[in-house]
Amino acid sequence: MFSSLHKNHSVQKAFLFWLILIGFNSTFGVLALGARSISASSISLISSYSVRVFGPGAPGSGTLVSRDENSHYILTAWHVVEGLSDNEEIDIETSDGIMHTTLGVNVNRIKQLDLAVIKVQMVKPYPVSNLASKFSDSSLASLAVAGFPLDNPNQITINDGDLVAYTNIGLDQGYELFYRIRTSSGMSGGGVFLPDGTLVGIHGRGDADQRRSIAFDKTTKTGVNIGIPLTHYLQFKGTPYTRKPSVDADEKASLLVAQSILAMREDTGYQLAIKLLSQIRDIATRQEPLELRAVANYVLGNYKESRADLFQIAKLDPNSYNNWSSIGLSYAAVGELQLARTALEKSFELIAMGIDKPKFNSQASAVVNNLGLVVDQLGDRAKASEYYSLAIEISPTNASAMANKGASLMNRRDYLKALSLFNRAIKLQPNYGNAYMNRGLLKDLLGDPDGAISDLNKAVQLTPVDPQVYLFRAQFHSRRGSKSQALADFDKVVALDPQNPARYFDRALFKQHINDLNGARIDLEVAISSEYRLADAFFERSVIHRRQGFDRRELLDLNRAIESDPMHAKALRNRAMISLAQNSYKRALSDLRSAIQSEPKNPVGHEKLGATYLEMNDRPRACSSFRQALNLYVIRQERTRELNRLIATVCL
């Protein structure tokens, strides 16, 4: 169910999950046909209607649905042609191999559906498909999908199968047809046909099993796919039709529909899947629907509900190490790290005993890797490193464990070994964004800024929706003085993760650095309203008030910071300096002593304490504090010349 935690330099949590779905394989002949119940004449008709569509992204498929005196009209999925500008060309290849060109202005989306009509002039008349007018579970019982797979684009593929459900349960973009038919990437937008060649819908999405393996990373299509019934196009054209959609009461169909919805990876789909699965009468005794509902709740952040199903599965199958691993990850997702560790250790024990499955495989390696991550976050880096090493030993191709081991070594400043592991991880998984991100951070530490930014850019390219990658690149640009690039990345972090107050806090610190004080204050107020790092947020806002000359507001925020964290050293030191300026020596001394108690090895507190004693004409204590500060500055290799000069003037 749930797969890996991935770690980066700051132990970033990125939980992945998988669904184990049924897959189908078939061998195609000259026309790559997998259709067993369709006649040769129907195959010929379907082939003549089908076209290949070369949109702005990967090529897709389409179907000729009408023509007039001057033009032909092709129905396809909107996502095949989405992004075309009006003056951009789009090519259509017909069954005879002739390429026809039209412009983006001739592509029209139907409402907000995943449907589009393409108008194109052709050199000769081509046959157009017969359009169905009746739509019900019984009339759509047997179906076929036609299209042009990316891995075999020169031959049309026609696969047949059965309807799972024709339902209007509320999915976005018009998806109502669920069918068990094998498809491949590139067939999106192709026609869904009855066995006699009548068009009943447009194929939209394959049920992608995006399970991310440790050894390799690929996407395969499974049996249950979804499409858009032709009713939406007929309504658009004003053509009469009849329809009787319904959710099949059969629980097997409900399970397959929920399974297909989950593979869409959309929030509305997860909610619908949970609703369908919860209607299964004996779900508490059935492992597969429990697993699916646990996944859906997990993705939606309903960790308690997810965990309830996982524990029910544990009653049904107490020796499933994969289930105990999922329980551990569900605890880790909410920061319950000790409970996560206990569950993952239970999973590890089952692996070691070999009860559930063979000891040595990629899934077992993933469990050990995840256990290492949790232990790492609990602060036991040595034990975590042992788990990473064991994960690699179990599966030498576990790139995630290699990257995590590399991050662990990087934290211990064993840079060369860390670099070697990052290189190995990337060689195993060239599209592993986290490995590029960590290697970029390491190259920056090694004084290779060009290599660092190259890797960070690659990480952004591979994981364009991960805010952490943009944050690290923003920090890199900030260190290099590239202010506009840094700000653009900080803005992207906030845009990708707008509900996370930490993102606003990080951007506020940078805006202070570039003197955008009002912008920084606004971001800090978002953090404060969310009660995120209240003491730090109030302190940073007090600094802004001081820089803007608002002394009273500065003191108010310092008081708030100290109220939130009575040992906040920076706030105590700054408040002490305000008290000193007001000749309130007693309050200044009290705050400085508390600051030193909080950070005894920070020379700044000792230096300010010395300055306070000097203002009070207590030179012996002033000199004692200055000398303590000097000793600490020597360790840091900071301010030694200035403080030596001060001591020579005051104390000798």
Over the chain, what is the relative contact order in whole percent, taking alpha-carbon pairs under 8 Å and six or more residues apart? 8
Write out the trypsin sites (Lys or Arg not before Pro) in the range 104-161 meeting two conditions: DSSP loop, and at most 13 other Cβ atoms within 10 Å of their Cβ. Lys111
Once the dipole of the chain is set up from charges on Cβ (+1 Lys and Arg, -1 Asp and Glu), the residue from the list Tyr532, Phe193, Ser85 lying farthest towards its positive end is Tyr532
Among Lys304/Lys458; Lys405/Lys492; Lys458/Lys511; Lys383/Lys601; Lys275/Lys383; Lys443/Lys511, the pairs whose Cα-Cα distance exceeds 32 Å are Lys304/Lys458; Lys275/Lys383
Everything considered on the Cα gyration tensor (a ≥ b ≥ c; rounded for a/c under 1.5, else prolate if a/b is larger than b/c, else oblate), the range 312-415 must be described as oblate
Taking GluC sites (Glu not before Pro) as candidate sites, keep only those in a DSSP loop with at most 10 other Cβ atoms within 10 Å, then name the longest stretch of the chain containing none of them. 70-530
Here are some values of Cα Rg over 2.2 N^0.38 Å: (i) 1.23; (ii) 1.13; (iii) 0.97. Which one was computed from this structure? (i)
Summed side-chain charge close to Tyr633 - residues other than Tyr633 whose Cβ falls under 15 Å, Lys, Arg +1, Asp, Glu -1: +3
Among residues other than Thr612 whose Cβ falls under 11 Å from its Cβ, what is the net charge (Lys/Arg +1, Asp/Glu -1)? +2
Out of Ser564, Gly60, Ser400, whose Cα points farthest toward the positive end of the dipole of the chain (charges: +1 Lys, Arg; -1 Asp, Glu; placed on Cβ)? Ser564
Filter the trypsin sites (Lys or Arg not before Pro) in the range 362-436 to those in DSSP coil with at most 16 other Cβ atoms within 10 Å of their Cβ, and list the result. Arg412, Arg413
For the chain, with the dipole built from +1 on Lys and Arg beta-carbon atoms and -1 on Asp and Glu ones, taken about the Cα centre, which of Pro501, His72, Ile98 lies farthest toward the positive end? Pro501
How many angstrom lie between the Cα centre of the range 135-164 and the Cα centre of the range 582-616? 78
Nearest-0.05 FRET efficiency for Lys417 and Ile514, computed from C-beta distance (R0 35 Å): 0.45
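Read the figures in this text as sums done on the coordinates, not as results from a lab. In this text, all values refer to a predicted model and were calculated from it rather than measured experimentally. Because the Cβ atoms are built from the backbone with ideal geometry, glycine has one as well, and the counts that use them run over all protein chains shown.
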